[in-house]
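We did not get these values from a lab; they are worked out from the coordinates using the rules stated. These numbers were taken from a predicted model, which means no experiment stands behind them. All Cβ positions, even for glycine, are placed from backbone atoms using ideal geometry, and neighbour counts span all protein chains on display.
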Amino acid sequence: MATIQWYPGHMNKAKNQLEDNLDLIDVLIEVLDARLPVSSRNPMIGQLTKKKPHIIVLNKADLADPIQTKKWTHYYQDEGNFVISMDAQHTTNMTSLFKIIKLAGKEKTDKLIAKGVSNPMIRVAIAGIPNCGKSTIINRMVGRNAAIVGDKPGVTRGQSWLKTKTNVQILDTPGILWPKFSDQEVGYKLAACGAIKADIFHPDDVALFVIEFLKQNYRDDLVKFARISSEEMDSMSNPDLLLAMTNKYGMRDDYDKFSLFMLQRLRKGKLGRITFDLR
């Protein structure tokens, strides 16, 4: 399989901007893809923010395995983080997230209130890798389309402070991805879930990775989607299975076309609720 590496210049700029604004930030919100609760974490973000109160949002939870989401929620809570899972795409009520932000910023606001400040402001930074749903969460919190939203990674370009209807201000930062993947499996997981632009990888390589993962962990979902029995599946190599599925879906040996189709269906949850990082 081909090596996946990607670090556009605007992501380096985003890292530098986040560093420059650290003194202004009270709370960090790190948005993760609930299907990739480890692979969508950027080690750089934790290193940059150090001792700031840290909220982890496991977004796209509607697409992830609910049992795995619960396990990862407990795991990150045990590490000392505030954690919330959500489906920002279909949830307009951000009350629970605002409650957690106020809890995370309580030490600062209590000090300010003791000094006589009325309704002190909490300033949060929202960071995450591309296409994790960060912009959708910002728009829900602000109550309008303040951030650009797209189904392709890397659409957020600028950086600005945004007001909400509460005493919370948001620093929007573009998606940040690390310079290279030390583990290529992470790259394939990110590509499968849409965090990496399609021209960076070969779709059939990623489709073969997904097929093997589903065979091992979500076999019933794969059988249903493939329209091929489990027994027949076991008699095929993964490339043969990919080609058989291509023909089953009427794409006449065009496995590249089918690979893209399969990945699109996967990202929309049509293959089932699947988590790629398992506990």
Top of SER135, SER85, SER182 by mean-square fluctuation, Gaussian network on the chain, Cα under 10 Å: SER182
Antiparallel DSSP beta bridges within the chain, percent to nearest 5: 15 percent
Inter-probe distance in nm under a simple model that places probes 7 Å from Cα toward Cβ, at ASP20 and LYS51: 2.6 nm
Cβ-based net charge around TYR249, under 11 Å, with every Lys or Arg adding one and every Asp or Glu removing one: +4
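Please give the FRET efficiency for ARG144 paired with ILE67, using the beta carbon to beta carbon distance and R0 = 30 Å, rounded to the nearest 0.05. Before the final figure, lay out the partial values.
On the way: r = 36 Å, r/R0 = 1.18.
After rounding to 0.05, the efficiency reads 0.25.
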The range 166-279: equivalent-ellipsoid semi-axes (sqrt of 5 x gyration tensor eigenvalues, Cα, Å): 30, 16, 14
Candidates ILE84, ILE67, ILE100: whichever shows maximal mean-square fluctuation once the chain is modelled as a Gaussian network with Cα springs under 10 Å: ILE67
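So, with +1 on the Cβ of K and R and -1 on the Cβ of D and E, and no other charges, what is the size of the charge dipole of the chain about its Cα centre, to the nearest 20 debye? Could the numbers behind the result be given before it?
Details: 40 positive and 31 negative charges, 280 e Å.
Here the chain has a charge dipole of around 1340 debye.
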Which listed pairs, of LYS50/LYS71; LYS52/LYS270; LYS134/LYS270; LYS15/LYS60; LYS115/LYS165; LYS50/LYS189, have C-alpha distances above 31 Å, in listed order: LYS52/LYS270
Rounded FRET efficiency, nearest 0.05, which uses the C-beta distance separating SER182 from LEU103 and R0 of 25 Å: 0.15
Gaussian network model of the chain, Cα within-10 Å springs - most flexible of GLY116, GLY46, GLY128: GLY116
